[in-house]
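Inspection log for the structure reproduced underneath, given as structure tokens.
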Amino acid sequence: MQLSVNGVPRSATIEPRASLLDTLRDRLDLTGTKKGCNQGACGACTVWVDRRPVLACLTLAIACEGHEVTTIEGLADGDRLHPMQQAFIDRDAFQCGYCTPGQIMSAVAYLAHGHGTAEDEIRDWMSGNLCRCAAYPHIRAAIRQAHDQQAAGGGGGATH
Ligand code: FES
Ligand code: FES
């Protein structure tokens with residue numbers, strides 16, 4: 001199988017039933033994407049396929065051939081964190097951090113889709129990303145920070 005991940009062509013020999021999540025983590029050594037429930041309920045495995053957020057645990061890797069897969073490892077620009085990553089740090093938006101990669105992938109997609117800072121709108125979009133540490137208020141604050149930075153021309157919603 002050939003995959004394009006974070007702009008890099010990758011290949012792996014996998015079973016046809018292999019999920020994108022297991023392929024990323026176990027075959028391609030991209031362990032930033034986390035396995036929580038492995039059944040579509042927690043959002044920890046959120047990545048993008050063609051810039052749209054998907055649950056990697058419910059996506060077949062072979063279905064992603066010919067598409068661009070983006071993981072949390074693909075957000076930073078060299079040593080420069082993506083503005084949403086920086087906002088999560090600035091706003092203390094995680095405790096254990098296990099849900100964080102998925103939260104950030106969903107949050108960047110939220111801004112890329114042109115959404116604003118309304119509390120209900122953020123809650124709605126982010127409702128598929130669970131946080132057992134209940135960092136939700138801080139996560140929403142981080143999204144608002146990245147939004148405001150983007151509005152000021154700082155690129156908070158950029159998806160590279
Ligand atoms: Fe995919 Fe929980 S691991 S939704
Ligand atoms: Fe621990 Fe979200 S920071 S699960």
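Every read-out reported here was derived from the displayed coordinates using simple, explicitly stated rules and does not represent laboratory data. Predicted model only: the values in this text are computed from it and were never measured. For neighbour counting, all protein chains shown are included, and Cβ atoms are generated from backbone atoms with ideal geometry for every residue, glycine included.
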Could you give the size of the charge dipole of the chain about its Cα centre, using +1 on the Cβ of each K and R and -1 on the Cβ of each D and E, expressed in debye and rounded to the nearest 20?
260
Dipole of the stretch 1-137 [Lys/Arg +1, Asp/Glu -1 at C-beta], most positive-end residue of Gln39, Met84, Gly116
Gln39
Provide the per-residue ³J(HN,Hα) series for the stretch 49-65, in order, calculated from phi with Karplus coefficients 6.51, -1.76, 1.60 and θ = phi - 60°, each as a whole number of Hz, with x at glycine and proline positions.
10, 6, 6, 9, x, 9, 8, 5, 6, 9, 10, 6, 4, 5, 6, 9, 4
Mind giving me the FRET efficiency for Asp148 and Ile62? R0 is 41 Å, r the Cβ-Cβ distance, nearest 0.05 is fine.
0.50
Among His67, His147, rank each residue by its count of other Cβ atoms within 10 Å, from fewest to most, as a rough exposure measure.
His67, His147
Provide Thr70, Thr117, Thr46, Thr59 in ascending order of the number of other Cβ atoms located within 10 Å of each residue's Cβ, fewest first.
Thr117, Thr59, Thr70, Thr46
For Arg10, residues with placed amide H under 5 Å, excluding near neighbours
Leu3, Ser4, Val5
In deg cm²/dmol, rounded to the nearest 500, the helical mean residue ellipticity at 222 nm of the chain, built from -39500 (n - 2.57) for every DSSP H run of length 4 or more, is -8500 deg cm²/dmol
Count the DSSP beta bridges whose two residues both fall in the chain, then state the antiparallel fraction as a percent rounded to the nearest 5.
85
Please check: in the Gaussian network model of the chain (C-alpha springs, under 10 Å), which one of Gly43, Gly97, Gly78 has the largest mean-square fluctuation.
Gly78
To the nearest 20 debye, what is the magnitude of the charge dipole of the stretch 25-107 about its Cα centre, counting +1 on the Cβ of each Lys and Arg and -1 on the Cβ of each Asp and Glu?
260
Per residue and in Å³, how big is the convex hull formed by the alpha-carbon atoms of the chain?
102
In order through the stretch 116-132: 3J(HN,Hα) via Karplus (6.51 cos²θ - 1.76 cosθ + 1.60), integer Hz, x for Gly, Pro:
x, 10, 4, 3, 5, 5, 5, 4, 4, 5, 8, 5, x, 10, 8, 10, 6
With labels modelled as points extended 7 Å from the Cα through the Cβ direction, what inter-label distance (nm, one decimal) is found for Asp79 paired with Thr13?
4.0
